[in-house]
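Take a look at the structure set out below.
The values are calculated or read from the model by the stated rules, or taken from the named source; none is laboratory data. What you see is a predicted model, and the numbers here were worked out from it, not measured in a lab. Every residue, glycine among them, receives a Cβ derived from its backbone with ideal geometry; neighbour counts consider all protein chains shown. Ligands, DNA and RNA are stripped out before the accessible areas are found, and what is left, the full protein with its side chains, is counted by its heavy atoms. Shrake-Rupley method; radii C 1.70, N 1.55, O 1.52, S 1.80 Å.
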Amino acid sequence: MKALRFWLEAGEAAVPLWSPDQRVARGLGWLAAIGLTLFIALPLLAILLQAVIDSESGQLSLAPVQAVLASPGFLDSLLGSLTVSLATVALVLPTALVFAFALTRSRMPGRGLFKLLALSPLLAPSLMPGISLVYLFGNQGLLKSWLGDASIYGPIGIVLGEAFYTFPHALLILLTALAVADARLYEAAETLGASRLRRLLTVTLPNARYGLISAGLVVFTLAMTDFGVAKVIGGQYKVLALEAYKQVIGQQNFGKGAVIGLMLLLPAVLSLLVERWVAGSRSASLGGRSVAFHPPENRWRDGALWLFCGGVLIGLLALLGVAMAASFIKLWPYSLELTLAHYDFDQMDGGGWQAFRNSVQMAAWTALVGTLGVFGVAYLLEKMPLPPLARQICRTLALLPMAVPGLVLGLGYIFCFNHPANPLHGLYGSLAILVLATVAHFYTTAHLTISTALRQLDGEIEAVSATLCRPFWVTVWRVTLPICLPALFDVARFFFVSALTTVSCVIFLYTPDTVLAGVAVLNMDDAGETAGAAAMATLIVATALLASLLLSAAGSLLNRRAQAWRGQPH
Amino acid sequence: MLLKQPQLPTPAATGAVPDWLRFDRISKRFGAFTALNGVDLTIRRGEFVCLLGPSGCGKTTLLRVLAGLTAQDSGQLYLGGRDISRLPPAARDYGIVFQSYALFPNLNVADNLAYGLRTDRASKARRVGELLQLVGLPGCEHKYPAELSGGQQQRVALARALAQSPSLLLLDEPLSALDAQVREHLRRELRQLQQKLGVTTLMVTHDQDEALTLADTIAVMNHGVIEQVGSPEMIYHQPASRFVANFVGRANWLPVEVSEQGEVRLAGITLALPATALPQGWADMGWPSTAELFCRPEDVQVAPHWAPGDNGLMAFVERVDFLGNVRRALLTLVTARQISLWAELGPNDAGLEALVPGQLVPLHLPANRLRLFAEAA
Ligand SMILES: Nc1ncnc2c1ncn2[C@@H]1O[C@H](COP(=O)(O)OP(=O)(O)OP(=O)(O)O)[C@@H](O)[C@H]1O
Ligand SMILES: [Mg+2]
């Protein structure tokens with residue numbers, strides 16, 4: 001008891017001065033810690049226990065892990081996963097680097113549009129490139145002859161699909177890394193007479209090194225843990241993520257699924273550690289006083305980059321567009337008549353229009369609950385005197401989901417909430433659990449965005465309000481929320497689009513009543529209804545695009561209204 | 001260093017309670033670092049007190065403890081006889097201006113000022129008008145903070161702190177973000193406003209000029225301890241510690257010998273010193289054999305001709321710097337060339353003409369401006 005009290009009060013002053021509203025905040029802090037524990041920590045703990053508890057004896061043992069490691073297909077799957085993931089990194093990283101370079105360091109025309117198009121894969125479920133690849137290079141594919149004897153069903157297809165899916169993630173990271181280029185470094189290099197190539201090698205790349213490593217790790221982890229692409233186009237090729245999915249869905253072998261899921265956690269945890277290490281040793285070259293870089297005119301460079309980026313975009317848009325186009329075509333490639341028949345989902349297995357309606361509903365709730373929840377927790381963490389233990393729990397658990405693949409989190413949710421002893425068992429099978437799992441899955445990105453926005457506010461605003469006898473919620477409502485609205489809109493859009501496109505996290509959690517659009521794509525494709533799957537995927541992209549546009553428009557409208565006070569600082 | 005605090009000078013505001021606001025052994029640690037180490041301070045009602053000290057000495061921390069924004073580890077706070085040590089900020093009856101102003105950027109000036117008011121719309125508007133009049137910004141109600149200059153933002157922050165007519169005003173380096181001219185102007189206005197309202201004010205600053213011109217009383221802080229409390233005069237001319245002497249203004253430090261009877265000799269010449277110039281306790285505890293003599297450069301008197309009297313010495317002029325209407329000269333003593341000191345002479349000083357490098361000049365160290373300190377460790 002004494003130890004507990006010590007923990008609860010460690011680091012606090014001997015004289016408590018909490019005002020009533022601060023007591024409320026501290027209570028809310030505990031609530032947030034409990035909430036995050038329930039919906040992030042416990043599921044992960046559950047999957048861990050599942051993996052190390054022998055299902056027959058109920059004893060703690062490593063036997064299940066050993067059994068999986070020794071099972072015949074395991075090594076093949078592991079090698080398969082590593083091969084396609086590394087190949088994806090090798091394909092995506094240089095491409096994204098050149099693309100990011102073109103967007104930030106050249107005067108190539110149409111950069112804004114190029115960037116938007118390059119990020120468009122974010123709007124699509126990871127299954128979509130697989131479907132497009134089937135239409136292009138599959139058995140009845142238009143361009144099948146391009147591949148010669150090779151088959152798209154296998155590593156080639158997987159790598160291409162994963163490349164599409166991971167490209168925008170890598171691009172975003174590299175854009176940030178390159179955007180903070182320090183013009184002074186360039187000028188210095190130029191005055192020293194460094195050649196262009198040398199400038200690229202000695203200034204640009206070292207500065208982007210951190211971004212490159214981090215982008216590489218993200219691509220590797222995403223490719224390693226995604227099973228959608230492999231499911232659609234992998235053929236007989238074995239990868240770990242798909243293996244875990246099959247164990248659980250096909251064979252109801254939860255223990256084996258848990259063990260493989262944990263293996264998938266390894267690369268993510270590993271990359272987190274590497275990132276920490278790199279971030280720690282990173283020099284402070286990109287200080288706050290860096291001067292924005294304005295690249296000089298250079299027609300040859302810009303022309304070459306334009307051609308390169310155009311080529312990349314054609315590839316990306318083909319993988320997005322072919323499925324879209326095919327969804328309106330009667331029987332690809334034999335009967336090219338236009339039709340809406342594939343959108344008559346109610347005539348097909350997979351969930352029908354109900355799946356789409358569920359998805360929109362789920363995405364809307366995720367956006368609402370996620371944005372408000374993340375804001376609330378981030379606000380308490382940044383601005384309120386939380387009890388140290390509650391603060392530590394919230395901090396850690398807010399950053400944890402980044403390292404957890406959706407597949408693993410989804411599995412954890414089954415083990416945790418399907419357990420009869422769990423008082424929250426009732427959530428299982430509801431739309432609510434899908435919302436909660438999705439919020440948890442995408443928590444970290446949202447948390448970092450909002451925390452950054454909150455940190456830009458003057459730290460004394462809360463103190464001033466307290467001295468003016470106003471409780472913190474008045475300040476939140478009148479000052480903090482209005483100032484953070486742009487960030488909130490960004491996060492809402494992120495949640496909505498992610499919830500609409502995600503499959504991995506919810507695949508184990510839906511019921512026939514709560515089937516989702518992404519799942520429907522998977523199921524229809526599985527049932528041979530490729531055109532229907534393409535139609536549903538198209539619908540997802542269109543909805544995600546529409547929601548993005550609406551939220552962006554609303555955001556910029558608000559921004560314009562706020563122009564008066566955002567103003568230019570003196 | 002343990003120092004006895006000198007008595008407070010006579011109150012500026014008559015009839016004031018001598019210790020209306022009292023810090024009683026306030027301590028605060030951040031981990032292993034001691035930010036406040038048993039701070040005692042009393043403030044009279046209506047007084048303008050400046051908390052002066054170098055960066056990182058704990059000034060802001062002390063202010064935040066008083067404001068209830070940081071909890072002290074130990075010690076008590078009393079305001080008007082009431083123990084406020086455990087009260088939350090809202091219950092302590094003060095207004096505060098932060099170094100960053102912390103204006104609400106999305107609220108216009110009127111809404112900023114009315115933020116803490118809980119009256120009806122009309123009286124809010126009236127109060128906002130009054131406050132803006134008070135700080136000299138009438139008609140600014142509908143501007144946003146980003147549309148105001150730094151000085152104007154500072155006034156808005158001040159007006160907001162005064163909105164609820166607090167009995168205590170806390171200012172954390174309110175002028176440090178402004179350029180020199182605006183600063184000087186606002187300094188004067190701040191003083192006038194404070195006197196007009198009679199509001200007790202505690203202002204944090206690391207600018208000694210600001211403290212010397214504004215304050216009734218200065219509390220000099222160092223390393224989480226208050227080294228001296230006193231009027232600007234006292235702080236300047238009778239520093240209680242070597243730190244205070246060095247931090248406020250410029251100082252000459254002259255090595256002296258002390259005889260067993262307590263005679264102080266500088267370069268062989270016995271100085272006449274009043275008892276107040278000697279650190280307390282030396283007479284009882286026994287004299288050290290050497291010590292250091294403190295004297296402000298402007299107190300060093302250079303005479304055109306030798307005249308007999310106490311504390312007279314001869315010196316060579318080594319160097320003369322022209323600083324506008326003041327001349328600063330580096331002198332070395334004739335009988336001990338290794339001892340040098342600075343003298344600052346104004347345009348009306350008789351010895352000004354004699355300040356020529358290489359010249360031999362008589363100088364005089366006024367006994368009431370000298371103080372003796374133990375040698376630096
Ligand atoms: N919340 C905190 N946690 C840890 N250390 C702190 C904290 N607040 C202040 N300190 C430390 O306490 C010391 C005193 O800080 P304080 O802000 O009171 O200084 P200050 O005298 O106001 O200095 P300045 O003139 O630079 O504003 C500093 O060394 C600071 O690093
Ligand atoms: Mg300070």
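Descriptive notes on the structure:
- Test: residue in segment B:306-315 that is in contact with a Pro (Cβ under 7 Å, 6 or more places away or on another chain) and modelled with pLDDT of 90 or more: no
- Residue pairs meeting the criteria (Cβ under 8 Å; at least 6 apart or on separate chains; first open to solvent by 40 Å² or more (accessible area, probe 1.4 Å), in segment A:438-450; second part of a helix (DSSP H, G or I) and among the acidic types (D, E)): A:T449/A:D490
- Per-region count, segment A:40-66, residues farther than 24 Å from A:Y428 by Cβ and either open to solvent by 60 Å² or more (accessible area, probe 1.4 Å) or part of a helix (DSSP H, G or I) (or both): 8
- Selected residue (only one of A:L551, A:L522, A:L545 is in a helix (DSSP H, G or I), open to solvent by 70 Å² or more (accessible area, probe 1.4 Å) and more than 14 Å from chain B (Cβ to nearest Cβ)): A:L545
- The set of residues in segment B:184-206 that are open to solvent by 30 Å² or more (accessible area, probe 1.4 Å) and within 16 Å of ligand 1 (Cβ to nearest atom) contains only B:H206.
- Taking the conditions (1) modelled with pLDDT of 90 or more; (2) open to solvent by 30 Å² or more (accessible area, probe 1.4 Å) in turn, A:L123 satisfies each one other than (2).
- Scanning segment A:465-510 for residues that are outside any helix (DSSP H, G or I) and over 20 Å from A:G351 (Cβ atoms) turns up A:L468, A:C469, A:R470, A:P471.
- Exclusive hit being assigned to a strand (DSSP E or B), of a type in the set (S, T, Y), open to solvent by less than 40 Å² (accessible area, probe 1.4 Å) and over 25 Å from B:I235 (Cβ atoms), set B:T270, B:T332: B:T332
- Per this entry, B:H237 is not counted among residues that are within 16 Å of ligand 2 (Cβ to nearest atom), away from chain A (no Cβ under 14 Å) and either open to solvent by less than 10 Å² (accessible area, probe 1.4 Å) or closer than 30 Å to B:E375 by Cα (or both).
- Residue within segment B:233-241 that is closer than 18 Å to B:L170 by Cα, outside the structural domain of B:N368 (by TED's automatic domain parsing) and not in a helix (DSSP H, G or I) present: no
- Unique match (being away from ligand 1 (no atom under 16 Å from the Cβ), open to solvent by 50 Å² or more (accessible area, probe 1.4 Å) and within 12 Å of chain A (Cβ to nearest Cβ)) among B:K124, B:K143: B:K143
- With respect to the conditions (1) over 24 Å from the mean Cα position of the chain (by Cα); (2) within 14 Å of chain B (Cβ to nearest Cβ), A:C484 falls short on a single one, namely (1).
- For A:A432, the conditions (1) more than 20 Å from A:G518 (Cβ to Cβ); (2) out of contact with any helix residue (DSSP H, G or I) (no Cβ under 7 Å at 6 or more places or on another chain) are fulfilled apart from (1).
- Qualifying residues in segment B:64-91 (those that are open to solvent by less than 20 Å² (accessible area, probe 1.4 Å) and within 18 Å of B:R44 (Cβ to Cβ)) - the one nearest to ligand 2 (Cβ to nearest atom): B:L66
- Only one of the listed residues (A:F417, A:F494, A:F489) is open to solvent by less than 40 Å² (accessible area, probe 1.4 Å) and either away from every other protein chain (no Cβ under 14 Å) or charged (D, E, K, R) (or both). That residue is A:F417.
- Residue pairs meeting the criteria (Cβ under 9 Å; at least 6 apart or on separate chains; first at positive phi and more than 9 Å from chain A (Cβ to nearest Cβ), in segment B:152-176; second assigned to a strand (DSSP E or B) and within 16 Å of ligand 2 (Cβ to nearest atom)): B:E173/B:M203; B:E173/B:V204; B:E173/B:T205
- Those helices (runs of 4 or more DSSP H) of segment A:138-232 in which at least 1 residues are at pLDDT 90 or above, considering only elements entirely within it, cover A:155-179, A:205-225.
- The condition of being more than 14 Å from chain B (Cβ to nearest Cβ), outside any helix (DSSP H, G or I) and buried (at least 21 other Cβ atoms within 10 Å of the Cβ) holds for only one of A:L397, A:L386, that being A:L386.
- Breaking point among (1) farther than 30 Å from B:L372 by Cα; (2) within 16 Å of ligand 1 (Cβ to nearest atom); (3) open to solvent by 40 Å² or more (accessible area, probe 1.4 Å), for B:D172: (3)
- Single residue of A:V479, A:V474, A:V464 found to be open to solvent by 30 Å² or more (accessible area, probe 1.4 Å), under 25 Å from A:A564 (Cα atoms) and at the interface with chain B (Cβ under 10 Å from one of its Cβ atoms): A:V474
- Output for segment B:207-231, where each listed residue is assigned to a helix (DSSP H, G or I) and either away from ligand 2 (no atom under 16 Å from the Cβ) or open to solvent by less than 10 Å² (accessible area, probe 1.4 Å) (or both): B:D209, B:E210, B:A211, B:L212, B:T213, B:L214
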